[in-house]
1. Can you find a residue in region 49-59 that is within 13 Å of the ligand (Cβ to nearest atom) and assigned to a loop (DSSP other than H, G, I, E, B)?
2. Can you name every residue in region 58-77 that is out of contact with any strand residue (DSSP E or B) (no Cβ under 6 Å at 6 or more places or on another chain), of a type outside the set (A, V, I, L, M) and free of Cβ contacts under 8 Å to residues at least 40 places away in the same chain?
3. Does A43 fit the bill of being more than 11 Å from the ligand (Cβ to nearest atom), of a type in the set (A, V, I, L, M, F, W, C) and assigned to a helix (DSSP H, G or I)?
4. Pick from region 73-91 the residues that are loosely packed, with under 14 Cβ neighbours inside 10 Å and under 19 Å from the mean Cα position of the chain (by Cα): which of them is farthest from the ligand (Cβ to nearest atom)?
5. Can you confirm whether region 78-96 contains a residue that is assigned to a loop (DSSP other than H, G, I, E, B), under 14 Å from V18 (Cα atoms) and either at pLDDT 95 or above or touching a strand residue (DSSP E or B) at 6+ places or on another chain (Cβ under 8 Å) (or both)?
6. Among the candidates I71, I9, I99, single out the residue that is outside any helix (DSSP H, G or I) and touching a Ser or Thr at 6+ places or on another chain (Cβ under 7 Å).
7. Before we move on, is I17 surrounded by 10 or more Cβ atoms within 10 Å (Cβ to Cβ) and part of a loop (DSSP other than H, G, I, E, B)?
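The values are calculated or read from the model by the stated rules, or taken from the named source; none is laboratory data. These figures come from a predicted structure and were not determined experimentally. As a convention, Cβ positions derive from the backbone with ideal geometry for all residues, glycine included, and neighbour counts pool all protein chains shown.
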Amino acid sequence: MFANPDFNIFHDAGTLIVLCTKPSSTFVEADCWLAAENLMLAACALGLGSCVIGSAVAALNTLQIKDKLGIPAEFSAVVPIILGVPNGETNATPRNEPIVLAQVQ
Ligand SMILES: Cc1cc2nc3c(=O)[nH]c(=O)nc-3n(C[C@H](O)[C@H](O)[C@H](O)COP(=O)(O)O)c2cc1C
């Protein structure tokens, strides 16, 4: 996919939001993922589509790309999310049953 010049890692979305953090405490990355979930739910409520682009994280954390995007060197990109107007309806994804490890009565 990456070798194909027509492949757009960001799926031609108009907006990329990169949640970044400084390594200041144990749970800063978890905070980013929680914020990401809220952001994606808010986008959905506004009729926008969103998608986490994990495959962009390594590139976003290179000095060259950080510099280009204005991400200070001491910050790390954790969650890239694209936003855009959906290009049509998307069918719901089938879900596996959750594995319940214990039930308290
Ligand atoms: C950590 C993480 C990384 C992801 N990285 C990518 C990515 O690089 N490119 C992409 O198109 N989708 C990416 N996705 C989106 C998933 O492929 C999938 O579409 C999304 O999780 C929705 O899942 P569902 O179809 O089961 O609802 C990522 C999702 C997560 C949670």
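1. yes
2. T62, Q64, K66, D67, K68, G70, P72, listed by residue number.
3. Numbers: more than 11 Å from the ligand (Cβ to nearest atom): yes; of a type in the set (A, V, I, L, M, F, W, C): yes; assigned to a helix (DSSP H, G or I): yes.
Judged against the criteria, A43 is a match.
4. The extreme case among them is V85.
5. No: zero hits.
6. I9
7. Numbers: surrounded by 10 or more Cβ atoms within 10 Å (Cβ to Cβ): yes; part of a loop (DSSP other than H, G, I, E, B): no.
No.
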